[in-house]
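See below for the structure under consideration.
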Amino acid sequence: MAAGGPARRAHNVCMVSDFFYPNMGGVESHIYQLSQCLIERGHKVLVVTHAYGTRKGIRYLTNGLKVYYLPLKVMYNQSTATTLFHSLPLLRYIFVRERVTIVHAHSSFSAMAHDALFHAKTMGLRTVFTDHSLFGFADVSSVLTNKLLTVSLCDTNHIICVSYTSKENTVLRAALDPQIVSVIPNAVDPTDFTPDPSRRDDSITTIVVVSRLVYRKGIDLLSGIIPELCQKYPDLHFLVGGEGPKRIVLEEVRERYQLHDRVRLLGALEHQDVRNVLVQGHIFLNTSLTEAFCMAIVEAASCGLQVVSTRVGGIPEVLPENLILLCEPSVKSLCDGLEKAIAQLRSGTLPSPETVHNKVKTFYTWRNVAERTEKVYERVADEVVLSMDERLNRLISHCGPVTGYIFALFAVLNFLFLVFLRWMTPDSIIDVAIDATGPKGAWTKQYFLGKKGRVKEEILNS
Amino acid sequence: MVCAQVETSPRRRWQKVLYERQPFPDNYVDQRFLEELRKNIHARQYQYWAVVFESGAVAQQLCSVCVFVVTWWYMDAGMLSPQRLFGAGLVSSLLGYILFNVIDAGVGRQESGRTWWADLKSTLVFIAFTYGFSPVLKTLTESISTDTIYAMSAFMLLGHLIFFDYGANAAIVSSTLSLNMAIFASVCLASRLPRSLHAFVMVTFAMQIFALWPMLQKKLKAQTPRCYVAVTMLFALAALVGLMTISSVGAVLFALLLLCISCLCPYCLIRLQLFKDNIHGPWDEAEIKEDLSRFLM
């Protein structure tokens, strides 16, 4: 490992998650952007995910970000099935080949992320985990998943959460020491979300909604708000971007109240189209019932829209009070909030989109995220990895008598499997992979400079 | 290092916001950490005797099933003629019907808007159809072995007990399914009786005890709780005595079951309530409390 600078060490980071491009979402863009910024700061970063259709093997993205698409079976919601053991040969090969020092897993919904943490600990690597979502405690399914999370995180070096609410939630769910949990928010590329007041029609008022049309995003609330407000304001229009099972509800409402010319359902949006939809509106409405961070409201605020949102999860932490109107998750409260925003809009007391944009763009940047994540890596790199017996003790003492012993047994089996694999193919005969960024990132600078922001990829045979 | 950073301006308080760069390390734990945590906000405090009173519904339904099976047994053994059962059923139904209307001074009837004539009509239609189809009911299950019939009836009655609406607001409750299962059991059992008149009377009796009787009970419970307790006791006693004449061991076991449900289970519920540890906080998924279906009507 070469030293990157006088104070900083370069780390070989492996991001593992089931969720990555071509899948679209918050986790996916988080991994991509964070990786790019870490490469920029001189670290070596690779991403490991599962194969998406014909996209398998190794791919290179912008700036030599190497992505492994592993041939693992997808079980549910793009998450792979887990047996806790079957992915060890592949992951071990990658970790050894790429000389990985830190394994950074993302999203608690991803089985692959948990597998990778488990194997990395068996191999004595440092582990970091980022939790992107909130979970309840009330039903049977959350009791079970929380137990698994406790097992997975009890011997992980450091955990990152995207908001303070998310930190509280994760600390409670996995019974963690809050000191090993850092809060590093998500970010938005402000250059992608610039305001453009000329694109909107100021003779009418447009409310924009961009979200997946699912129950958790509160689309049922939206189906109550639309008729309520459309009856009150004849020049009010709704622009809804996104796709999902709740689309039918919105279509029914549109049909029932004859609002075809005023409620436009745009269907699924490509990431680069989101901004073009956002700038057509005056007010952004978010009706989520639960949200750890909510990138959508930051994107909307960055485009200069007035944001009206439900007060749930981490949303109150994300934007200052003068940029967001927080409401209770009910039709009445949200309608009141929207009416207030409409009144402000008509009286002209809202700040101009440009002012809002200039303010928001200072809040969250990926460079800042990468800087703070790097601090976590620095801290983790100085920590001692738990030895096998300490790890077993931790599992048994931390995860309860039954689960603890079961997973301690699994850890032992995993270790034996690793010993067997090391005997089959010793680490010494595994080739060291060539760094796709070249020596000291030279290739990156030579070939890829000036192509920022576009995912440029070349297929190399694997 | 992350930890080494000490607060640079000790006066500045930590804020739970993400948009401001604060002079605290990322893993800083403030005193306000978890201050919005709430415990057991939906937990209810139960009173022992109130729970015992509510458990009466379960005991009642168990007794109904017991009385039904005992009656069938008597019919099957020829110790009870169908005419007598029908007569007794008719008289008690009439009494119950009058009671049902008198007990709330006719308020329920006015609210539902159902006339006496409509009640009489549906009664007549039901009786006529059951009587007409009773020969079919009698021979319906001839090709099925008696053991299968008994097993099926037992399962159906068990299902009836499981899905019955005891007043709990749960997903499993379905009074339609529950009633259907009970009627299915009665048709099965009726088909093993000697004659079609027996079958007719048996199905009518099942209707009375599984459909009409719980309705009356519910009204009794709401209007005159004292009277309801007395009726429940008497009914349980009747079921026990009936069972005693068939099997004394069965009667003892049934008595123990009733005691367990009415006295022991409430006690357990109240004791276990102390161990309840339910956490709530801002991370909980918000519930939509309004009725949104009105927008689609």
Matching residues in the range A:31-53 (closer than 11 Å to A:TYR68 by Cα and not in a strand (DSSP E or B)) number 1
B:LEU243 meets each of (1) of a type outside the set (Asp, Glu); (2) within 14 Å of another protein chain (Cβ to nearest Cβ); (3) assigned to a helix (DSSP H, G or I) with one exception, condition (2)
Can A:LEU148 be described as more than 14 Å from chain B (Cβ to nearest Cβ) and outside any loop (DSSP other than H, G, I, E, B)?
yes
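Could you tell me whether any residue of the range A:238-258 is in a helix (DSSP H, G or I) and touching a residue at least 40 places away in the same chain (Cβ under 8 Å)?
We begin by selecting, within the range A:238-258, every residue in a helix (DSSP H, G or I); these are A:247-256.
Okay, now just the ones that are also touching a residue at least 40 places away in the same chain (Cβ under 8 Å), so none.
Checked the range A:238-258: no residue is in a helix (DSSP H, G or I) and touching a residue at least 40 places away in the same chain (Cβ under 8 Å).
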Which one is modelled with the lowest pLDDT, of the residues in the range A:258-288 that are among the charged types (D, E, K, R) and more than 27 Å from A:SER352 (Cβ to Cβ)?
A:GLU270
So, A:SER198, is that one farther than 27 Å from A:ALA81 by Cβ, in contact (Cβ under 8 Å) with a residue 24 or more places away in the chain and out of contact with any Lys or Arg (no Cβ under 6 Å at 6 or more places or on another chain) or not?
no
Some residue of the range A:273-283 being part of a loop (DSSP other than H, G, I, E, B), touching a residue at least 24 places away in the same chain (Cβ under 8 Å) and under 18 Å from the mean Cα position of the chain (by Cα)
no
Specify which of the listed residues (A:GLY218, A:GLY224) is surrounded by 20 or more Cβ atoms within 10 Å (Cβ to Cβ), of a type in the set (Gly, Ala, Ser) and farther than 30 Å from A:LYS359 by Cβ.
A:GLY224
Which one of these is modelled with pLDDT of 90 or more, within 12 Å of chain B (Cβ to nearest Cβ) and more than 21 Å from the chain's Cα centre (by Cα): A:LEU221, A:LEU172?
A:LEU221
Can you find even one residue in the range A:171-180 that is aliphatic (A, V, I, L, M), surrounded by 24 or more Cβ atoms within 10 Å (Cβ to Cβ), in a helix (DSSP H, G or I) and touching a residue at least 24 places away in the same chain (Cβ under 8 Å)?
yes
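Inspect the range A:181-190 for any residue being touching a residue at least 60 places away in the same chain (Cβ under 8 Å), within 7 Å of chain B (Cβ to nearest Cβ), under 18 Å from the mean Cα position of the chain (by Cα) and in a loop (DSSP other than H, G, I, E, B) and give the result as yes or no.
Yes - at least one qualifying residue is present in the range A:181-190.
Please report, ordered by residue number, the helices (runs of 4 or more DSSP H) entirely within the range B:102-163 with at least 1 residues that are touching a Cys at 6+ places or on another chain (Cβ under 8 Å), free of Cβ contacts under 8 Å to residues at least 40 places away in the same chain and of a type in the set (Ser, Thr, Tyr). Break it down stepwise before answering.
Working: elements: B:107-112, B:116-140, B:146-163.
Result: B:146-163.
Out of curiosity, is B:LEU296 over 16 Å from B:GLN61 (Cα atoms), within 14 Å of another protein chain (Cβ to nearest Cβ) and surrounded by fewer than 16 Cβ atoms within 10 Å (Cβ to Cβ)? Full working, then the answer.
On the way: over 16 Å from B:GLN61 (Cα atoms): yes; within 14 Å of another protein chain (Cβ to nearest Cβ): yes; surrounded by fewer than 16 Cβ atoms within 10 Å (Cβ to Cβ): yes.
For B:LEU296, the condition - over 16 Å from B:GLN61 (Cα atoms), within 14 Å of another protein chain (Cβ to nearest Cβ) and surrounded by fewer than 16 Cβ atoms within 10 Å (Cβ to Cβ) - is met.
Working only within the range A:307-322, note down all residues that are part of a helix (DSSP H, G or I) and not β-branched (Val, Ile, Thr).
Looking only at the range A:307-322, we keep the residues that are part of a helix (DSSP H, G or I), and these are A:315-318, A:321-322.
Answer for the range A:307-322, where residues must be part of a helix (DSSP H, G or I) and not β-branched (Val, Ile, Thr): A:PRO316, A:GLU317, A:GLU321, A:ASN322.
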Hey, does the range B:141-159 have a residue that's at pLDDT 90 or above, under 30 Å from B:ASP104 (Cα atoms) and not polar (S, T, N, Q)?
no
Scanning the range A:312-360 residue by residue, the ones that are at positive phi and crowded, with 20+ Cβ neighbours inside 10 Å total 1
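Does any residue of the range B:32-47 turn out to be away from every other protein chain (no Cβ under 14 Å), under 28 Å from the mean Cα position of the chain (by Cα) and not in a loop (DSSP other than H, G, I, E, B)?
As a first pass, look at the range B:32-47 and keep what is away from every other protein chain (no Cβ under 14 Å): B:44-47.
Next, only the ones that are under 28 Å from the mean Cα position of the chain (by Cα) stay: B:44-47.
Next cut, not in a loop (DSSP other than H, G, I, E, B) only: none.
No, the range B:32-47 contains no residue that is away from every other protein chain (no Cβ under 14 Å), under 28 Å from the mean Cα position of the chain (by Cα) and not in a loop (DSSP other than H, G, I, E, B).
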All but one of (1) surrounded by 11 or more Cβ atoms within 10 Å (Cβ to Cβ); (2) of a type in the set (Ser, Thr, Tyr); (3) farther than 25 Å from B:PHE200 by Cβ hold for B:SER92; state the number of the condition that does not hold.
(3)
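Exposed (fewer than 14 other Cβ atoms within 10 Å of the Cβ), under 21 Å from A:GLU98 (Cα atoms) and of a type in the set (S, T, N, Q): does that describe A:THR425?
On the way: exposed (fewer than 14 other Cβ atoms within 10 Å of the Cβ): yes; under 21 Å from A:GLU98 (Cα atoms): yes; of a type in the set (S, T, N, Q): yes.
Taking the combined requirement at face value, the residue satisfies it.
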Evaluation of A:GLY57 against (1) touching a residue at least 40 places away in the same chain (Cβ under 8 Å); (2) buried (at least 16 other Cβ atoms within 10 Å of the Cβ); (3) not polar (S, T, N, Q) (one fails), failing number
(2)
For the range A:112-130, does any single residue satisfy the condition of being surrounded by fewer than 20 Cβ atoms within 10 Å (Cβ to Cβ), at pLDDT below 95 and part of a helix (DSSP H, G or I)?
no
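Please state which one of A:GLU299, A:GLU390 is more than 11 Å from chain B (Cβ to nearest Cβ), closer than 27 Å to B:ASP284 by Cα and either in a strand (DSSP E or B) or at pLDDT below 95 (or both).
A:GLU299
Confirm whether A:GLY304 is closer than 30 Å to A:SER35 by Cα, away from chain B (no Cβ under 14 Å) and part of a loop (DSSP other than H, G, I, E, B). Break it down stepwise before answering.
Numbers: closer than 30 Å to A:SER35 by Cα: yes; away from chain B (no Cβ under 14 Å): yes; part of a loop (DSSP other than H, G, I, E, B): yes.
Here the answer is yes, as A:GLY304 does meet what is asked.
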Within the range B:265-290, the residues that are out of contact with any Pro (no Cβ under 9 Å at 6 or more places or on another chain), among the charged types (D, E, K, R) and more than 7 Å from chain A (Cβ to nearest Cβ) are B:ARG271, B:LYS276, B:ASP277
If I filter the range A:256-279 for residues that are within 14 Å of chain B (Cβ to nearest Cβ), surrounded by fewer than 21 Cβ atoms within 10 Å (Cβ to Cβ) and over 21 Å from A:LEU222 (Cα atoms), do I get at least one hit?
no
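The values are calculated or read from the model by the stated rules, or taken from the named source; none is laboratory data. Everything quoted here is computed from the prediction, not taken from an experiment. Neighbour counts are summed over all protein chains in view; Cβ atoms, including those assigned to glycine, are modelled from backbone coordinates with ideal geometry.
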